[in-house]
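Novice: Here you go, one structure.
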Amino acid sequence: MTTLNAKKVNFEIERNIAILNIQTLNELKIKHSANIKVKSDSGEIMCEVLSTDTLIEPGFIGLKEKSIEDLKITENTKISVFIRRRPQSLEYVKNKRGGSVWKEGEIRSIVNDICSGQYTELEISMFTLAQYYLGLNMDEIANLTTFMAEYGTTLDFEEPVYDKHSIGGIPGNKVSLIIVPTVAAAGLLIPKTSSRAITSPSGTADTMEVLCDVNFSADEILEIAPKVRGMLVWGGTLDLSPLDEIVIHQIEQPLGIDPHSQMLASIFSKKVSTGVNHMVLDIPTGEGTKMPTKDDAINYAHEATELGRRLGISIEAALSYGEQPLGKAVGPALEAREALEVINGNGPTSVFEKSAELSGILFEMAGLAQPGQGAHLAADFILKGKTKAKMEEIIGVQGGNATVNPEDIVIGDKVATVVAPKDGYIVKLSNSNVKKIAKAAGAPRHKEAGVYLHKKIGDFCKKDDKLLTIYSNSEGRLTEALNISMNLQPFILEGMIIKRISSGTKI
């Protein structure tokens, strides 16, 4: 251990970096790119070392502003520097390669070390990829879920809490913006915490943020949600499941992966943290989803309901059609506009029906409707304006314009349209290719970007009819998205005759 004076260095980089003079490195016998622990009286972080012979003087340590804030210090404060040693729990992660089953104490140790900053980004990748390739059994998943929740903030509303969650996988799935105000309008408490997009062009939090603020503290949610009965907020600011945010931000988003066990632990750790008692779980299934076959979806549903049982959460899993994007809008602003259209009694039938069905399941779980009748009650709430009135209230308390109309929402002003090359029926619409086009256009980072689908599976189109329109706020990104669309061709068109086979055709 040695003591150095902190110095703020102005540079933008995600990870924690410590800049040390070469003379200091030689004295401490620390190598460039090594990892060190930096500790103050009020905090501790791990940093990757960069060397310099001019930027930082000997006896000083250069830290970015965020690192100084995390340590709760000011410039020239003396802080301690330690050579970092790998945590013992990393051996448990390595042992997974040999087929070991993580014990309860081992999982607790892994979660604690990751959340307290003891793992490097590469080591967190090892933990995530171990799950991706080797998986966890139900005991491991339950323990991982429990410890992820225990390490974060917990909310206690002192009354039954309802929730809807989708495992994702299909673009355009904006139904939470309709379900939450519908369920809240019935008097049920549904303070929904949502994630930002991991592999899709828009997460629920990204879409809701178009309409209002989604960043709230735990105390604010505990105060506001019981009064309005529903909220749609981003869970990232709440520290509900710190490990999950670390894994999503550092590993899953960059790599575009969502390990099965981590997905379950991610979902349920946050539900435990927010005191959820009853939940409907949407599992889209079909080609291009996370659950390609019905059997995949059924097996996942059984795992989810079993995990819910172990954690004391009542779960109704609903397998939903996922062969193509839901509705016509893909991308934060476009999806927010379409959700408002449905709430106003318009919009695509598919979005309306799915929203009513999932809301109806929660109504049935709450005893507000008989089995099989919940969707009718939910549809009535939407059509009679109860959902709209509640959504206006929710948007208002979350700092948005309560009377916003769909046409008020700004979308990208750089536009390109893809047309049908021939007459035919749409027989396939690729989820993955639509996502790639929307993300190339700038979604979800640029909320005005996205894709609007003029045709869906089963529709007939004539040559030069519009298939999709791409929106962006950048000519460069628009061109890239248009090129991807031309190369990938997300639509497959066929005539009524798929293939001709004659008597001379060889088998």
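The values are calculated or read from the model by the stated rules, or taken from the named source; none is laboratory data. Worth saying up front: this structure is predicted, and the values here are computed from it rather than measured. Counting neighbours? That spans all protein chains shown, and the Cβs are built from the backbone with ideal geometry, glycine included.
Novice: Here is a check on your reading of the model: is LEU311 closer than 21 Å to THR204 by Cβ and touching a residue at least 60 places away in the same chain (Cβ under 8 Å)?
Specialist: It is false that LEU311 is closer than 21 Å to THR204 by Cβ and touching a residue at least 60 places away in the same chain (Cβ under 8 Å).
Novice: Restricting to segment 470-488, count the residues that are of a type in the set (Val, Ile, Thr) and either closer than 22 Å to GLY169 by Cβ or buried (at least 17 other Cβ atoms within 10 Å of the Cβ) (or both).
Specialist: 2
Novice: Could you list, in sequence order, the residues of segment 443-458 that are more than 15 Å from ASN433 (Cα to Cα) and surrounded by fewer than 18 Cβ atoms within 10 Å (Cβ to Cβ)?
Specialist: ARG445, HIS454, GLY458
Novice: Quick check on ILE484: is it touching a helix residue (DSSP H, G or I) at 6+ places or on another chain (Cβ under 9 Å) and either farther than 24 Å from VAL210 by Cα or assigned by TED's automatic domain parsing to the domain that holds SER355 (or both)?
Specialist: Answer is yes for this residue.
Novice: Look at PRO254 and say whether it is surrounded by fewer than 19 Cβ atoms within 10 Å (Cβ to Cβ), modelled with pLDDT under 95 and under 13 Å from the mean Cα position of the chain (by Cα).
Specialist: yes
Novice: Further question on the same structure: May I ask you to verify whether ALA420 is crowded, with 19+ Cβ neighbours inside 10 Å, at pLDDT 95 or above and within 22 Å of GLY256 (Cα to Cα)?
Specialist: Answer is no for this residue.
Novice: So, THR193, is that one surrounded by 22 or more Cβ atoms within 10 Å (Cβ to Cβ), among the polar types (S, T, N, Q), farther than 30 Å from ILE36 by Cα and within 15 Å of the chain's Cα centre (by Cα) or not?
Specialist: Yes, satisfied.
Novice: Also, quick follow-up: Checking the condition part of a strand (DSSP E or B) and modelled with pLDDT under 95, which residue from LEU467, LEU493 passes?
Specialist: Of the residues listed, the single one that is part of a strand (DSSP E or B) and modelled with pLDDT under 95 is LEU493.
Novice: Do we find a residue being assigned by TED's automatic domain parsing to the domain that holds LEU189 and more than 27 Å from GLY367 (Cα to Cα) anywhere in segment 242-261?
Specialist: Within segment 242-261, not a single residue is assigned by TED's automatic domain parsing to the domain that holds LEU189 and more than 27 Å from GLY367 (Cα to Cα).
Novice: How many residues does segment 471-489 hold that are under 15 Å from ASN431 (Cα atoms), modelled with pLDDT of 95 or more and not in a helix (DSSP H, G or I)?
Specialist: So the count comes out to 0.
Novice: Return a yes/no flag: does segment 440-461 have any residue that is part of a helix (DSSP H, G or I), closer than 26 Å to ALA336 by Cβ and at pLDDT 95 or above.
Specialist: Yes.
Novice: Can you name the residue in segment 34-83 that is in contact with a Phe, Trp or Tyr (Cβ under 9 Å, 6 or more places away or on another chain) and among the β-branched types (Val, Ile, Thr) and, of all such residues, is modelled with the highest pLDDT?
Specialist: Only one residue tops the list, namely VAL38.
Novice: Determine whether LYS447 is in the same structural domain as LEU326 (by TED's automatic domain parsing), closer than 30 Å to ARG229 by Cα and either in contact (Cβ under 8 Å) with a residue 60 or more places away in the chain or hydrophobic (A, V, I, L, M, F, W, C) (or both).
Specialist: Taking the combined requirement at face value, the residue does not satisfy it.
Novice: Right, LEU188: in a loop (DSSP other than H, G, I, E, B), out of contact with any Gly (no Cβ under 6 Å at 6 or more places or on another chain) and in contact (Cβ under 8 Å) with a residue 40 or more places away in the chain or not?
Specialist: Yes: the conditions hold for LEU188.
Novice: Of the residues PHE157, PHE147, which single one is over 22 Å from the mean Cα position of the chain (by Cα) and not assigned by TED's automatic domain parsing to the domain that holds GLU338?
Specialist: PHE157 is the lone residue from the list that is over 22 Å from the mean Cα position of the chain (by Cα) and not assigned by TED's automatic domain parsing to the domain that holds GLU338.
Novice: Next question. Checking SER261 against (1) of a type outside the set (Lys, Arg); (2) crowded, with 20+ Cβ neighbours inside 10 Å; (3) modelled with pLDDT of 95 or more, which single condition isn't satisfied?
Specialist: The number of the failed condition is (3).
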